[in-house]
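What follows is a short report on a single structure.
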Amino acid sequence: MAARPENIEEWCYLVPHLLSPAGWHSIAEAESVGLSYCSCPWGGSLVKLTVLDVQVADAPDDPSHIFVGPESRAWWAKNFAESSPEHFTVKEQLAPGDAIICRWASWKVLRVFAVLFGEIGTELLQTHFYDPAEAVELHMRTQRNHPQAGDCSQTIMSPSEAFEAINFCRPQGEKGVCNVYHIFRVSSGINLSKWAAAQLYGAMESGRRVAQYYLNRPGISQLRALDQQFYVVLAIQTFKRGFPLIPVCSGEEHEDVTRIDAGNHLGLSTWVRYDPAKDGIDGFYLSGYMQALAERLGESLHFYQCLDGKELLYFQCAVAREEWSRAQDRLKEAYLLQKTAYRRGNGGAQAPGLNEASTPRFCKRVHLTSLEERIQADAAARGRGRQRVQVRKTFIERDESEPEEQFEARSFRRCRTETPATAVRYVGPGVA
């Protein structure tokens, strides 16, 4: 039994025919919509609702943004409560597009699926039929451009029970036309009773209408525009003479410090070389440096090393635009002092600059190491000792442009949190 998938890469690895008609058994078919099923590698069965050629009004130029991230949905539901039909909040933001969310409603068609195909999670099943006393908690992750450019997916898991599903959207050539897939797991095999035939066709038609409404619901164009601008990507220029500096906190003692009079009025006159190892990070990542700098200044921001489900190259990071707008003046002022201290400590006129990047730069490889570790942990938990279980070909090549010449190409572990805990260490020119 394999571990449960947590992202689109793992879904595609565990179920290679995920989006193909091959490998699926047809349950029922009608015009532009179909239901099928297959055995699930981690237990039970998978059911796939396929809706073809859905027309999206005012579709974004980039079709991978047809779905929006949970944080954008929560912001919209909070600030436009009167016009928003959703009761949707973020309990914990894990990364851009990746959050633990709480919601108080579900689509009616899911109630029909729950009856037709059996248990899809005790707690979730109860909320399909009764007004819930509290919100249902789910882990939702939005990812883009995988496995093909223009694709968009939302993986959904229940943290408290074995429930997982995926919403997937793939463009079909003409702008605004896409195929939509909803795939979910049921805990047992599929029992195709004859009495359910009429209900199956009714469920498919309901699923088609839901897909059409969901991608064209009121306010969705404005919500997509908000989502595409929700984060700012920052980039640091090459640092040929060592990592950038951070201010020394009161009471700290360091052997090698740089003092500048220019920072006296802000209490930022003493600086020291940033050391990622002191934060438990193996190698330089801009998210780790910016997080350390913000904390030294007493600012509450969260910097991330990934965006849209892909890891940014080490010289870029993402931050929520709202947070950055609030604190950027102070951070930029402090960073200018850092450049002064950097030049003072190293000599010369060069210092790494910091700016907002126009284009995010992503790592080419996405590793499945996390899946391998969970498979091994699952095997050990089931009493199979330390049996060696391998996930082969544990990375996926992305067709991205090469990094700029002044940066070295590296391999990265897939990012799940704000800053990766382990990675290939970057050592810039002249840095021991």
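Does T369 meet the test of being modelled with pLDDT of 80 or more, more than 30 Å from L266 (Cα to Cα) and exposed (fewer than 12 other Cβ atoms within 10 Å of the Cβ)?
Here the answer is no, as T369 does not meet what is asked.
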For a quick check of your reading: which strands (runs of 3 or more DSSP E) sit entirely within the stretch 106-223 and have at least 2 residues that are modelled with pLDDT of 70 or more and over 24 Å from the mean Cα position of the chain (by Cα)? 177-186
With (1) in contact with a helix residue (DSSP H, G or I) (Cβ under 8 Å, 6 or more places away or on another chain); (2) within 12 Å of L234 (Cα to Cα); (3) not in a loop (DSSP other than H, G, I, E, B) as the list, and A327 as the residue in question, which single condition is left unmet? (2)
Outside the structural domain of V68 (by TED's automatic domain parsing), surrounded by 18 or more Cβ atoms within 10 Å (Cβ to Cβ), small (G, A, S) and under 22 Å from the mean Cα position of the chain (by Cα) - does that describe any residue in the stretch 332-340? no
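Per-residue answers, yes or no, for (1) aliphatic (A, V, I, L, M); (2) in contact with a Cys (Cβ under 6 Å, 6 or more places away or on another chain); (3) surrounded by 17 or more Cβ atoms within 10 Å (Cβ to Cβ):
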| residue | (1), (2), (3) |
| --- | --- |
| I166 | yes, no, yes |
| C169 | no, yes, yes |
| C178 | no, yes, yes |
| S188 | no, no, no |
| S206 | no, no, yes |
| A211 | yes, no, yes |
| N216 | no, no, no |
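Counting only residues that are of a type in the set (A, V, I, L, M, F, W, C) and not in a helix (DSSP H, G or I), which one in the stretch 330-382 is nearest to A292 (Cα to Cα)?
It comes out as L354.
The values are calculated or read from the model by the stated rules, or taken from the named source; none is laboratory data. Bear in mind that the values here come from a model prediction, so they are computed numbers and not experimental data. All Cβ positions, even for glycine, are placed from backbone atoms using ideal geometry, and neighbour counts span all protein chains on display.
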